[in-house]
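Let me begin by presenting the structure, written as structure tokens, before commenting on it.
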Amino acid sequence: MKYYITTPIFYPNSSPHIGTAYTTVAADALARYQRLRGKDVYFLTGTDENAQKILRTAEALNVDPHVYVDGIVERFQSLWQQLDITNDDFIRTTEERHHVVVKEIFTRLYEQGDIYKAEYKGWYCTPCETFWTESKLVDGKCPNPDCGREPELLKEESYFFRLSKYQDVLLRHIRENPDFIQPASRRNEMIRFIENGLEDLSVSRTTLKWGIQVPFDPQHYVYVWLDALINYISALGYPEGEKYKKYWPADVHLMGKDIVRFHSVIWPIILLAMDIPLPKVVYGHGWFLSREGGKISKSRGNVQDSFELIRRYGSDAIRYFLLRELAAGSDGIYSEDNLVERFNSDLANDLGNFISRSLAMIVKYRQGVLPQPVQDSPLEQEIRALSAQVRENVQERMESFDPAGALEQVWRFVARCNKYVDETEPWNLAKDQNSAGRLDTVLYTFAECIRILGIFCAPFMPGLPPKLWSLLNCGPELLKWEDSSRWNILAVGSTVQKGQPIFPRIDIAKLTELEGEDVMENLPADQAAPIVETETAAAQPAETAAEVFEPFKEEIEMEDFAKLDLRVAKVLQAEKVAKTDKLLKLEVEIAGETRTIVAGIAQHYAPEDLLNRRIVIVANLKPAKLRGIVSHGMILAASYGDKLEALTLDKDIPGGARVK
Ligand code: MSP
């Protein structure tokens with residue numbers, strides 16, 4: 001009955017942003033859901049403070065690194081509070097309780113020969129806090145597609161962790177436990193990565209004096225990832241703490257796809273070497289990308305102040321947007337207009353409207369007193385059956401770490417409630433005395449639907465249920481998960497109120513007008529533009545021979561061409577996109593990263609024709625949504641009349657190689 005859930009511990013080198021907030025909000029929704037299901041939940045988050053980049057940032061700003069970090073950690077804690085995050089603990093890796101455990105583990109690994117001393121010669125990317133061998137660099141730059149910055153050359157004495165020794169046992173564990181790394185695309189990616197061979201990892205540095213010292217060799221500081229991963233057990237008081245005994249192993253480590261590799265290689269190997277059970281699930285979700293392209297991140301300068309966003313829209317709305325927008329396993333696009341659009345359609349229109357109009361009718365036709373339901377019809381039976389079905393489906397989605405899928409289910413119920421109002425036409429029933437019993441049933445059902453929606457929404461928008469209870473003149477006793485598919489719970493004869501609209505529509509033009517310059521500056525330039533749903537059209541059949549060759553385009557400068565980031569990509573998975581005959585959804589690998597690309601080539605290629613082929617893609621094209629799927633790049637293909645052939649490679653160039 002226990003459930004231990006964690007977020008990554010965040011680098012406090014800059015304030016948290018809306019992208020960082022996603023994982024914590026998603027973990028909170030899962031934690032709240034599991035608590036509602038009666039589990040004894042432990043939810044951990046925190047900050048990763050021993051990273052070299054923190055020291056570098058503080059030095060650049062000429063502030064004491066401890067003082068600098070304390071200030072940012074406060075921002076994280078305050079953001080989590082404002083987003084109604086219910087973490088049970090907040091670990092800071094500068095805390096003594098963490099240092100003790102890291103030192104103990106490092107020493108034991110050394111004593112049993114899993115850590116040894118040698119010389120490290122290679123590259124280190126400080127922004128990514130990652131060691132790279134020469135062969136992995138791309139044009140001398142960090143190969144992380146989201147970074148590309150210049151690494152530093154290191155040549156120093158270092159301690160190494162024998163990852164290679166555990167390669168086979170790790171692979172076996174991953175194969176025997178298909179749920180260990182999720183979703184499946186990340187699991188496959190990790191299996192391929194490990195199969196390519198694990199090299200021993202440098203796990204200490206001598207150049208910067210920051211972090212945790214190696215206890216038996218204090219010149220050395222523990223590599224930040226080895227230190228950071230241990231937070232998941234140091235926070236529980238490993239090895240003797242009561243919490244450790246109760247909650248370990250974790251039920252899920254939730255994180256962005258960027259750090260799944262650390263959690264599926266280094267972390268399990270530390271645990272295997274220490275003879276500690278492995279976490280049950282490592283789940284890597286997608287990223288929030290900006291409309292302009294690229295991950296939302298501080299270093300790209302495309303982040304918005306999350307505190308300002310909460311002030312403007314409220315925590316529930318931000319939570320709803322983040323949770324609904326990132327479909328399981330995919331990336332999502334964040335923009336403020338996207339947020340406002342979702343707010344207006346899903347919260348103001350669908351949910352808010354149902355609540356207001358149904359309560360208004362109970363007040364208008366029965367002075368707010370809940371009538372005794374008498375005459376059931378198939379419509380009420382249908383709604384009851386749907387509540388049970390939605391409950392089951394939400395459960396299934398939440399067990400699969402998919403809050404977006406769960407919310408989609410809840411909105412099926414919201415849509416059904418609105419349809420029920422239209423079908424029953426209470427305004428007509430009210431005109432006819434003979435329909436009084438029927439109207440009683442309908443109005444009572446409205447109130448029950450509101451009660452049920454409060455339960456369904458509770459894990460995602462925790463501010464909503466108390467508002468609904470006060471309208472229904474009830475309290476937290478209504479919040480029982482099992483009651484989301486039970487009926488006739490509200491007391492007949494109790495009174496309800498109309499209240500103010502819970503999610504009043506947002507008029508973005510008014511908002512900017514009211515708040516003046518300040519807000520205008522914060523809004524993205526493309527504020528009013530709708531989300532573009534473009535479809536990469538497959539080549540159209542040519543009408544006449546003269547049109548077969550497309551006309552040449554105007555000359556461009558070399559620098560225009562150089563803007564294109566063309567890369568080799570290996571096709572890992574391909575499938576048709578539902579309800580279109582043109583589009584294929586491809587999962588491709590470039591430089592160890594898996595991307596989704598939607599391409600208009602389904603009339604020319606069966607999905608299986610492309611499997612394991614190496615194609616050429618434009619890697620730096622702004623992401624676009626095609627049929628609800630975010631496509632992160634475009635494939636190159638030659639077209640001639642109605643023929644089309646994707647550019648493929650037939651020698652052995654790996655995914656990620658540049659095409660120039
Ligand atoms: N400190 C390491 C994690 C150590 S865990 C033992 C780290 N920190 S981080 O501050 O860079 O945070 C990374 C995490 O923030 C991602 O894994 C993801 O959970 C979240 N996100 C950061 N930007 C994000 C988006 N744009 N979109 C979605 N999640 C994002 O890596």
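The values are calculated or read from the model by the stated rules, or taken from the named source; none is laboratory data. Fair warning: this is a prediction, and the values are worked out from it, not measured in the lab. Every residue, glycine as well, gets a Cβ built from its backbone with ideal geometry; the counts of neighbours run over all protein chains shown. Note: accessible area is taken over every heavy atom of the protein model, side chains too, but ligands, DNA and RNA are not part of it. Shrake-Rupley method; radii C 1.70, N 1.55, O 1.52, S 1.80 Å.
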Per residue of the stretch 79-87, what does 6.51 cos²θ - 1.76 cosθ + 1.60 with θ = phi - 60° give for ³J(HN,Hα)? Whole Hz please, x for Gly and Pro, Karplus curve as stated.
5, 4, 5, 5, 8, 6, 7, 10, 5
If amide H atoms are modeled at 1.01 Å from N in the peptide plane, then the residues at a separation of 5 or more from residue 329, or on another chain, having amide H under 5 Å from its own are 286
Pull out the extension gain between residue 81 and residue 379, defined as 0.36 nm times the separation in residues minus the alpha carbon to alpha carbon distance; nm, one decimal.
103.1 nm
Just need the Rg to Rh number for the chain, please, alpha carbons only, Kirkwood Rh.
1.00
Hey, rough spin-label estimate for residue 177 and residue 427, points 7 angstrom out along Cα→Cβ, what's it come to in nanometres?
5.9 nm
Can you put 331, 581 in order of accessible area, largest first, using a 1.4 Å probe?
581, 331
³J(HN,Hα) across the stretch 118-123 via Karplus (A = 6.51, B = -1.76, C = 1.60, θ = phi - 60°), whole Hz, x for Gly/Pro?
7, 9, 9, 10, x, 10
Determine ³J(HN,Hα), in whole Hz, for all residues of the stretch 558-571 in sequence, where each value follows from phi through the Karplus function 6.51 cos²θ - 1.76 cosθ + 1.60 and θ = phi - 60°; x replaces Gly and Pro.
4, 5, 5, 5, 5, 5, 6, 9, 8, 9, 7, 9, 9, 7
Run the numbers on the stretch 2-310 and let me know its relative contact order in percent, using alpha-carbon pairs under 8 Å that are six or more apart.
23 percent
So residue 581 and residue 156, fully extended at 0.36 nm per residue minus their Cα-Cα distance, gain in nm 147.3 nm
Grab the beta carbon distance between residue 216 and residue 305, set R0 = 35 Å, and tell me the FRET efficiency rounded to 0.05.
0.20
What is the spread of the Cα atoms of the stretch 403-443 along each of their three principal axes, largest first, in whole Å?
45, 14, 8
For residue 497 and residue 400, FRET efficiency with R0 = 51 Å and r from the beta-carbon atoms, rounded to 0.05?
0.85
For the stretch 440-461 and the stretch 31-99, write down the distance between their C-alpha centroids in whole Å.
36 Å
Once the other residues with Cβ under 14 Å from the Cβ of residue 375 are scored (Lys, Arg +1; Asp, Glu -1), what is the net sum?
-3
Quick one: compute the contact order of the chain, relative version, from alpha carbon pairs under 8 angstrom and 6+ residues apart, as a percent.
12 percent
Where does the charge balance sit around residue 10 when Lys and Arg score +1, Asp and Glu -1, over other residues with C-beta under 10 Å from its C-beta?
-2
Leaving out same-chain residues fewer than 8 places away, which lysines sit with a Cα under 17 Å from that of residue 579?
625
Under 30 Å between alpha carbons, and skipping anything fewer than 8 positions from residue 243 in its own chain: which lysines qualify?
2, 39, 103, 257, 280, 480
Give, in nm to one decimal, the length gained when the segment between residue 612 and residue 61 is fully stretched (0.36 nm per residue of separation minus the Cα-Cα distance).
193.6 nm
Which whole number in µm²/s is D for the stretch 558-649 by Stokes-Einstein, with the Kirkwood Rh taken over Cα pairs at 25 °C and 0.890 mPa s?
183 µm²/s
Nearest 500 deg cm²/dmol is fine: what mean residue ellipticity at 222 nm does the chain get from its DSSP H runs of n ≥ 4 alone, each adding -39,500 (n - 2.57), divided by its residue count?
-11500 deg cm²/dmol
Express in whole angstrom the spacing between the alpha-carbon centres of the stretch 322-384 and the stretch 584-633.
36 Å
Below 16 Å, Cα to Cα, which aspartates and glutamates can residue 246 reach? Residues fewer than 8 away in the same chain don't count.
40, 88, 89
At 7 Å along Cα-to-Cβ for each site, give me the label-to-label distance between residue 411 and residue 137 in nm.
4.7 nm
Placed amide H near residue 619: partners under 5 Å, 5+ positions off or other chain:
565, 566, 567
Cβ-Cβ FRET estimate between residue 341 and residue 488, R0 fixed at 25 Å, reported to 0.05:
0.10
Suppose we keep just the DSSP beta bridges with both residues in the chain; what percent of those would be antiparallel, to 5?
70 percent
Given points 7 Å out from each Cα along the Cα-Cβ axis, report the residue 195 to residue 246 separation in nanometres with one decimal.
4.3 nm
